Amino acid sequence: MLAERPLAGVAVRTAGLALAVFFAALPVYVWVEPSWRALVARLACALVLGVTLLNLRRVLADGVEAAGVSAIDAARFAARPEAAAPHHALELARDVRTALRSRRYFETVLWPRLEALAGRPLTPPPRRRGRGPSLAGLRAVITEIERRP
């Protein structure tokens, strides 16, 4: 019966703990000076409350775990389908997008790769202020690489 109703089990355990703490704290409560009695009562209550909250947390965690994975969590952790394009093509497209936005990235990363691919010095595309080359400029460089002498 307690397995079907986990909160009933928590209630029974809490009542037993409260009774045990009461009988353990009663002699201390009577023995200490009246100015300390409130502290003894508060400590006893804090102990019972703390243990009860830990039990409730465990019951809640067990209930959530037993419920299984929600549809939202399943969607978050589902394996992504593989892209139709190879990884290298996606990486190259990312490099080109970044090079269009940043002249520095174009000059330090993409341009040396393009020259290495061509195997000869290339004429750089016209500069744009603070940005990488235009698509037309990149298209001209790629056409020059494809013409291989």
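The values are calculated or read from the model by the stated rules, or taken from the named source; none is laboratory data. All values reported here derive from a predicted model rather than from experimental measurement. Note that we place each Cβ from the backbone using ideal geometry, even for glycine, and neighbour counts take in every protein chain shown.
Of the candidates ARG13, ARG42, the single residue that is out of contact with any Asp or Glu (no Cβ under 9 Å at 6 or more places or on another chain), part of a helix (DSSP H, G or I) and loosely packed, with under 12 Cβ neighbours inside 10 Å is ARG42. Just wondering, is there one or more residues in region 66-74 that are farther than 30 Å from LEU135 by Cβ, in a helix (DSSP H, G or I), modelled with pLDDT of 85 or more and hydrophobic (A, V, I, L, M, F, W, C)? Looking through region 66-74, none of the residues is farther than 30 Å from LEU135 by Cβ, in a helix (DSSP H, G or I), modelled with pLDDT of 85 or more and hydrophobic (A, V, I, L, M, F, W, C). Of the numbered criteria (1) part of a helix (DSSP H, G or I); (2) outside the structural domain of GLY132 (by TED's automatic domain parsing), the one GLU82 fails is (1).
Among the residues of region 105-149, what is the count of those that are of a type outside the set (A, V, I, L, M) and either assigned to a helix (DSSP H, G or I) or touching a residue at least 40 places away in the same chain (Cβ under 8 Å) (or both)? Walk me through how you get there before you give the answer.
We begin by selecting, within region 105-149, every residue of a type outside the set (A, V, I, L, M); these are 105-108, 111-113, 115, 119-121, 123-134, 137, 139, 143-144, 146-149.
Retained after the next criterion (residues that are either assigned to a helix (DSSP H, G or I) or touching a residue at least 40 places away in the same chain (Cβ under 8 Å) (or both)): 105-108, 111-113, 115, 137, 139, 143-144, 146.
Residues meeting the conditions: 13.
Quick check on this structure: which one of ALA79, ALA89, ALA84 is free of Cβ contacts under 8 Å to residues at least 24 places away in the same chain, under 30 Å from GLY137 (Cβ atoms) and exposed (fewer than 11 other Cβ atoms within 10 Å of the Cβ)? Checking each option against the conditions leaves just ALA84.
Would you mind stating whether ARG37 is of a type in the set (Lys, Arg) and either in a helix (DSSP H, G or I) or at pLDDT 85 or above (or both)? Yes; evaluated as a whole, the condition is true for this residue.
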